[in-house]
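Novice: Have a look at the structure that comes next, please.
Just so you know, all these numbers are worked out from the coordinates, no wet-lab data involved. Predicted model only: the values in this text are computed from it and were never measured. When we count neighbours, we look across all protein chains shown, and the Cβ atoms used for this are built from the backbone with ideal geometry, even at glycine.
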Amino acid sequence: MRVELDEPKCVAAGQCVMASPEVFDQREEDGVAILLEERPGDELLDGVREAVAVCPAAALRLVEE
Amino acid sequence: MVVGASAAGLAATETLRREGYGGALTLIGEEPHAPYDRPPLSKQILSGEWSTDRLPLRRSTDLDGLDLDLRLGVAATGLELADRTVVLADGTRVPYDGLIVATGVRPRRLPGDGAHVLRTVDDALALRDRLAPGRRLVVVGAGFLGAEAAAVARGLGCAVTLLEPAPVPLAHAVGEQVGRVLSQAHLDHGVELRTGVTVTAVTEGGVRLADGELVEGDAVLVAVGSLPNTEWLVDCGLAVGDGLICDEYGEAAWGSPRPKAGGVYAAGDVARWYNALFGVPMRIEHRTNAAEQGMAVARNLLRPEARKPFTPVPYFWSDQYDMRVQAYGYLRGHDEVAVVDGDLSGRRFVAAYRTGDRLTGVLAVGMPPKAIRPWRQAIAARAAWHETVPTATPAAGARLDGR
C-alpha cells in the first residue's frame with residue numbers, strides 16, 4: 001500500500017500526525033504535512049487509514065499497488 | 001442507511017465498510033453532487049484559485065468500491081421509527097436496520113430577496129460570478145464564514161462592507177481581545193467594517209438597517225449562521241432542539257412518549273451530543289468534527305456491545321488574508337483568555353481559554369505546529385488551568401477578559 005499526499009490541498013490541521021505519527025509530520029514553517037513513510041508497513045496501516053479518514057482537506061489517499 | 005451525503009455521511013459509510021459491514025448500504029443526499037468538500041467554498045473556490053473538480057471528497061472509483069445504493073438529488077422528508085423506514089421527497093420509502101442522520105445545516109436567511117448565501121458549491125459559484133474589481137459587496141455577519149468571504153472579495157478588488165450586530169466580531173466565540181485582533185486585519189486590508197448595526201432586510205441595491213439606512217452594494221452575502229436540517233424528523237419521536245439531540249455515544253435521544261425502536265445515530269453539523277470530555281452538550285459545525293463523528297457513530301452503531309463515548313477535542317481553522325487561525329477545544333462560554341505565546345499585535349500568538357479551572361481551548365494565529373500541539377494534548381488530558389498556564393505568562397502583559 002502506498003500513501004499519496006496532495007500537498008497543495010493540505011490545510012495544515014495536523015490531524016494526520018495525531019492519527020499516525022510514524023507516517024506523518026508537519027513542516028515547521030507552515031504546518032503542511034510531510035510524508036515520512038510512503039509505503040508504511042502493515043502494522044501502521046490502521047493509523048494511516050484513520051489519518052486518511054480524518055484529514056479535513058481530503059488530501060490523503062491510500063492506494064493499493 | 002446514512003442520510004446526508006457530505007463529510008459526515010461519507011465518513012460513516014466508509015467506516016461501516018472498513019469495519020466489516022457487508023450488507024446493503026444506502027446513502028441519501030439532497031444535493032445532486034457526489035460528496036464534496038465545503039471549506040474551500042469560501043476560500044479557493046470563491047477566489048477562483050481552484051476549479052470545482054478539486055472538490056470531490058473521493059474519486060468515483062473509491063466511491064464505487066463502497067458498493068453503495070447512492071441516491072443523490074433527493075431529500076429525506078420523513079422518518080417512521082416504528083416501521084424503520086425513511087421517506088424520500090419523491091415518495092419512495094426506504095427501509096433500514098440502522099440509521100445515521102447526517103443532514104447538516106442550511107444558512108439562516110434574512111427577509112427580502114436577492115441575497116447570496118454560502119453553503120453549497122452552487123452558492124459559491126453564484127457569488128463568485130458577482131465578484132470583480134470595483135464591484136461593491138455587502139457581507140452581513142462577521143463570523144468566520146463572512147470574514148473569509150470578505151477577505152477573498154478584497155483580494156479580488158471588490159469594495160467590501162462588513163456588517164456585524166455585535167460590538168466586536170467573534171467576541172462570543174473567541175473573546176473580545178482576540179476578536180479585535182482578527183477584525184483589525186479586515187480594517188488593514190481596506191474592508192469597511194461596521195459593528196453594532198442590525199440588518200433588517202435585503203432590498204434592491206443593498207440592505208436596510210434597523211435605523212432605516214440603506215447600505216448599498218452590487219451583491220449581498222448573508223452569513224448570519226445556520227439552522228440544523230431537522231424538519232424531516234419533527235414528530236417522528238426523536239428529541240429535536242437546535243439539532244438532533246444525542247447521548248454521549250451519538251445515539252439519538254427519545255422524545256416523549258418513548259417509542260420502541262433503536263439504532264438511530266447522528267453525526268456532523270446536525271448532531272447535538274453530550275461531549276463527556278467537556279461535560280456539556282455541543283453541536284459543532286466544523287469540517288473535522290463531521291469526519292470524526294461520522295466514524296465514531298458508525299462504529300457505535302455496528303458494535304453496540306463495545307460502544308465508546310465520542311469525546312473529541314474540536315478543531316477548526318480559518319484562512320483570512322495571510323492569517324491562518326487554528327483553534328482546538330471548546331472556546332464558547334469561557335471565563336478567561338490568556339496569551340501564552342507570541343503577541344497579539346504581531347498577529348502571531350497562542351491564546352489559551354479557561355472555563356472553571358480547566359484549560360478548555362487554544363486559538364493560534366501564525367504559529368508553527370509544534371507550538372500548538374502540546375496545548376491540544378493538554379486539553380485532551382483535561383489539564384487544570386493553574387497547572388498548565390503559568391500565572392506570570394502573558395506576553396505583552398495581556399490577560400484578557402472572557403465572554
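Novice: Just to be sure I follow: if Rg is taken over the C-alpha atoms of the stretch B:322-401 and Rh is the Kirkwood radius over the same atoms, what is Rg/Rh?
Specialist: For the stretch B:322-401, the value is 0.93.
Novice: Pairing the Cα long axis of helix B:369-380 with the longest principal axis of chain B, what angle in degrees results, from 0 to 90 and rounded to the nearest 10?
Specialist: For helix B:369-380, the angle is close to 50 degrees.
Novice: Picking from B:Val101, B:Val139, B:Thr120, whose Cα lies most toward the positive end of the charge dipole for the stretch B:47-144 (charges on Cβ: Lys, Arg +1; Asp, Glu -1)?
Specialist: Of the listed residues, the answer is B:Val139.
Novice: Which order do B:Tyr265, B:Tyr21, B:Tyr330 fall in if you start with the one that has the fewest other Cβ atoms within 10 Å?
Specialist: With the fewest neighbours first, B:Tyr265, B:Tyr21, B:Tyr330 line up as B:Tyr21, B:Tyr330, B:Tyr265.
Novice: Another question, if that's okay. Relative contact order for chain B using alpha-carbon pairs under 8 Å, separation at least 6, rounded to a whole percent?
Specialist: Computed over chain B, the figure is 15 percent.
Novice: Could you give the size of the charge dipole of the protein assembly as shown about its Cα centre, using +1 on the Cβ of each K and R and -1 on the Cβ of each D and E, expressed in debye and rounded to the nearest 20?
Specialist: In debye, rounded to 20, the protein assembly as shown gives about 760.
Novice: Could you give the angle, 0 to 90 degrees to the nearest 10, between helix B:144-155's Cα long axis and the longest principal axis of the Cα atoms of chain B?
Specialist: The answer is roughly 60 degrees.
Novice: Quick one: plug the Kirkwood hydrodynamic radius of the stretch B:109-222 (C-alpha pairs) into Stokes-Einstein at 37 °C, 0.692 mPa s, and report D in µm²/s.
Specialist: Answer from the Stokes-Einstein relation: 235 µm²/s.
Novice: Here's another thing I want to ask about it. Roughly what % of Cα-Cα distances in chain B sit above 28 Å, to the whole percent?
Specialist: That fraction is 51 percent.
Novice: How many percent of the alpha carbon pairs in the stretch B:238-309 exceed a separation of 18 Å?
Specialist: Counting every Cα pair in the stretch B:238-309, those more than 18 Å apart make up 34 percent.
Novice: Sorted from largest to smallest, which semi-axis lengths in Å does the alpha carbon gyration tensor of the stretch A:2-63 give for its equivalent ellipsoid, taking the root of 5 times each eigenvalue?
Specialist: 17, 11, 10
Novice: Under the rule a/c < 1.5 gives rounded, and otherwise a/b versus b/c splits prolate from oblate, where does the protein assembly as shown land using the Cα gyration tensor?
Specialist: rounded
Novice: Students often check this: by mean Cβ neighbours within 10 Å, which of B:187-195, A:11-19, B:331-339, B:100-108 ranks highest, and how do the rest follow?
Specialist: B:100-108, A:11-19, B:331-339, B:187-195
Novice: Still on this structure: Against the 2.2 N^0.38 Å scaling, with N counting residues, where does the stretch B:1-127 land? I'd like the Cα-based Rg ratio to two decimal places.
Specialist: With N residues counted in the stretch B:1-127, Rg over 2.2 N^0.38 Å equals 1.16.
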